[in-house]
Amino acid sequence: ARADGHDYIDPTLVVRTGERVAIRLENRLGEPTVAHWHGLTMDTANDGNGEALIEPAGNFDYTFTVHNRAGLYWYHPHPHGTTASQAYRGLFGLIAVEDDDEVRLRAALAVVPGETEIPLVLQERRTRGPYRYAPSPEDALLGWYGDAVAVNFTVRPYLDVTGRRYRFRVLNAGNARNFRLAFRRDDGVPLPFLLLGTDGGLLERAQPCTEVFLSPAERIDVLVDF
């Protein structure tokens, strides 16, 4: 993506409820593709269904109004038969929808995007060949499971934190696996956290948790006090 004269890889799109959005997709792949705005309320022409393909060297201008409340959504390719392959190659990104509730929450929590509010994108990878997405008949039936989990495209990442609250906005961008997520202290004791929101946006009331399950394409919004 390009903006302000700069190139961005898998940019997080930040939009506001009620905002009119215009995005041009230029297909520089050697195969058809299309952009689907996962979770957003969308008209058929802009939804990016698997039949409305953009051919190689072609382009399409998406124009839509954001109707959804604040929450974490995402965009990814949706061409019939090659969705999994293109997503595994990294053709996706996050969409953060903001409204007045989100602005008030962020101020109350005193979190800053990119510093104490961190997106975490989970995706399984195969570190032993084949490295490229090449499903066997079993993979096609059961899903593409990897032997390593990448977080923000990094295997075994870490984050230095201070003794304060952090907000993590998590997407399961994997092909098949359901994740059971939890935080543990060095002594193995579970570290409680608050579930602030799910796919549909912020909950009416935060829910205390010690673990949470996350299926492919699902998102959660959690607050952890370190």
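List of remarks:
- Solvent-accessible area per residue for the stretch 36-181 (1.4 angstrom probe, square angstrom): 53
- Within the stretch 1-105, GluC sites (Glu not before Pro) in DSSP loop having at most 11 other beta-carbon neighbours inside 10 Å: E51
- Loop-located trypsin sites (Lys or Arg not before Pro) in the stretch 1-87 whose Cβ has at most 12 other Cβ within 10 Å (DSSP): R28
- In this structure, the amide hydrogen of F183, modeled 1.01 Å from its nitrogen in the peptide plane, lies closer than 5 angstrom to those of L191, counting only residues at least 5 positions away or on a different chain.
- Under the simplified labelling scheme, the H80-A206 pair shows an inter-label distance of 4.6 nm, with each label point 7 Å from Cα along Cα→Cβ.
- Each principal axis of the Cα cloud of the stretch 187-226 was taken in turn, and the coordinate range along them, longest first, works out to 34, 24, 13 Å.
- Model label zone, L142; criterion: amide N under 19 Å from point 7 Å along Cα-to-beta-carbon; scope the stretch 164-181: 174-180
- In the chain, helices alone account for a calculated mean residue ellipticity at 222 nm of -2500 deg cm²/dmol, with every DSSP H run of four or more residues adding -39,500 (n - 2.57).
- Residue of L159, L13, L195 that the Gaussian network model of the chain assigns the largest fluctuation, springs spanning Cα pairs under 10 Å: L159
- Percent carbon-and-sulfur accessible area, the chain, ignoring ligands, DNA and RNA, probe 1.4 Å: 53
- With semi-axes defined as the square roots of five times the eigenvalues of the C-alpha gyration tensor, the equivalent ellipsoid of the chain measures 29, 24, 15 Å, largest first.
- Model label points for T162 and D225, set 7 angstrom from Cα along the Cα-to-Cβ axis, are 1.8 nm apart.
- Extension gain, R24 to R128, is 33.8 nm, computed as 0.36 nm per intervening residue step minus the present C-alpha separation.
- The stretch 49-199: relative contact order as a whole-number percent, Cα under 8 Å and 6+ apart: 23
- Point-charge dipole on Cβ atoms (K/R +1, D/E -1) for the stretch 1-112, about Cα centre, debye to 20: 200
- Placing unit charges on the Cβ atoms only, positive for Lys and Arg and negative for Asp and Glu, gives the chain a dipole magnitude near 560 debye about its Cα centre.
- Principal semi-axes in Å for the stretch 1-110 [√(5λ), Cα gyration tensor, largest first]: 26, 15, 13
- A simple count of charges around P56, restricted to other residues whose Cβ falls under 11 Å of its Cβ and scoring Lys, Arg +1 and Asp, Glu -1, yields -2.
- Each residue, F153 and A110, gets one label point 7 Å from its Cα in the Cβ direction; the gap between the two is 3.4 nm.
- Taking a sphere under 14 Å around the Cβ of T127 and counting the other residues whose Cβ falls inside, with K and R at +1 and D and E at -1, yields a net charge of +3.
- Accessible area in the full protein assembly, largest first, 1.4 Å probe, for R169, R125, R180: R180, R125, R169
- Hz values of 3J(HN,Hα) by residue in the stretch 53-59 - Karplus curve (6.51, -1.76, 1.60), Gly and Pro given as x: 8, 9, 6, x, 6, x, 8
- Hydrodynamic radius by Kirkwood, which averages 1/r over all alpha carbon pairs of the stretch 89-144, in angstrom: 15.0
The values are calculated or read from the model by the stated rules, or taken from the named source; none is laboratory data. Everything numeric here is computed off the predicted structure, so don't read it as measured data. Cβ coordinates were reconstructed from backbone atoms using ideal geometry, including for glycine residues, and neighbour counts include every protein chain displayed. Heads up: the accessible areas ignore ligands, DNA and RNA and are worked out on the full protein's heavy atoms, side chains in. Shrake-Rupley method; radii C 1.70, N 1.55, O 1.52, S 1.80 Å.
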